[in-house]
Amino acid sequence: MPSALDVAKYFLCRIDRDAGDTISALKLQKLVYYAQAWSLVLRDKPLFPEEIQAWPHGPVVYDVWNNYKDHKHTAIPEPEACDLDFSEDEIEVLEEVWDSYGELSARRLEKLTHDEQPWQEARRGLDPGEKSQEVISHETMKSYYEKYLLVEA
């Protein structure tokens with residue numbers, strides 16, 4: 001099973017730097033979050049083992065935050081190597097997430113997660129800027145996002 005850092009690296013390798021595209025730590029966290037959510041829906045299992053916490057600016061995987069925290073709101077440089085080992089179904093999820101969320105700004109992704117039940121539920125009872133390590137549950141993520149999955153008859 002890949003780690004959340006592997007998933008983050010996938011997205012960092014996926015952006016089109018030649019076109020001037022960049023990715024910040026805030027945006028990276030949201031892409032990693034959506035990759036986990038959609039893996040739970042599409043594959044019925046997590047993509048990575050790390051928990052996702054409901055921080056004031058949205059869902060955060062601590063290891064990803066810790067690894068890229070020095071970049072704050074600036075562009076994260078391209079990884080030295082993009083040698084990634086994902087299964088075909090993992091890549092399908094990652095590409096779906098990239099196609100659906102990759103063009104959105106960090107702030108738009110933050111607003112999106114704030115408007116959705118999984119983050120709201122984990123933050124229930126907390127002040128908007130209050131620090132928290134409350135975990136966003138896999139069950140809540142799966143039940144919330146699976147209702148947006150269109151099933152063909």
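Laboratory data are not the source of any read-out in this text; all were calculated from the coordinates shown. What you see is a predicted model; the values in this text were computed from it and never measured. FYI the Cβ positions are ideal-geometry reconstructions off the backbone, even for glycines, and counts take in every protein chain you see.
Pick from Gly125, Gly20, Gly58: which is most flexible by mean-square fluctuation in a GNM of the chain where alpha carbon atoms under 10 Å apart are linked?
The residue that fluctuates most here is Gly20.
Taking +1 at the Cβ of each Lys and Arg and -1 at the Cβ of each Asp and Glu, which of Phe86, Gly20, Pro118 sits farthest along the dipole of the chain towards its positive end, judged by Cα position relative to the Cα centre?
Sorting the options by dipole projection puts first Pro118.
Given H placed 1.01 Å from N in the peptide plane, which residues other than close sequence neighbours of Trp55 have an amide H under 5 Å from its amide H?
It is Val60, by chain and number.
Could you tell me whether the chain comes out rounded, prolate or oblate from its Cα gyration tensor? Rule is a ≥ b ≥ c as square roots of the eigenvalues, rounded for a/c under 1.5, then prolate if a/b exceeds b/c, otherwise oblate. Before the final figure, lay out each step's value.
On the way: a/c = 1.56, a/b = 1.10, b/c = 1.41.
Here the chain falls in the oblate category.
Give Lys111/Lys142; Lys72/Lys147; Lys69/Lys142; Lys27/Lys142; Lys45/Lys69; Lys45/Lys72 a once-over and call out the pairs whose C-alpha atoms are over 25 Å from each other.
Cα-Cα > 25 Å for Lys72/Lys147; Lys69/Lys142; Lys45/Lys69; Lys45/Lys72; rest within.
For the chain, what does the helix formula give at 222 nm: sum of -39500 (n - 2.57) over DSSP H segments with n ≥ 4, over the residue count, nearest 500 deg cm²/dmol?
That calculation yields -14500 deg cm²/dmol at 222 nm.
Using the Karplus equation 6.51 cos²θ - 1.76 cosθ + 1.60 (θ = phi - 60°), what ³J(HN,Hα) coupling, rounded to whole Hz, does each residue of region 93-99 give in order, writing x for Gly and Pro?
5, 4, 5, 4, 5, 4, 5
For the peptides 62-72, 132-142, what is the packing order when you average, over each peptide's residues, the other Cβ atoms within 10 Å and list the highest mean first?
In descending order of packing, they fall as 132-142, 62-72.
Using only Cα atoms, locate the centre of region 95-135 and the centre of region 27-65, then give the distance between them in Å, rounded to an integer.
First find each Cα centre; the distance between them is then 10 Å.
Can you give me the distance in nm between label points at Lys131 and Leu149, each placed 7 Å from the Cα along the Cα-to-Cβ direction?
It works out to 3.7 nm between the two label points.
Of the residues Ser100, Ser39, Ser24, which exhibits the maximal mean-square fluctuation in a Gaussian network model of the chain defined by a 10 Å Cα contact cut-off?
Ser100
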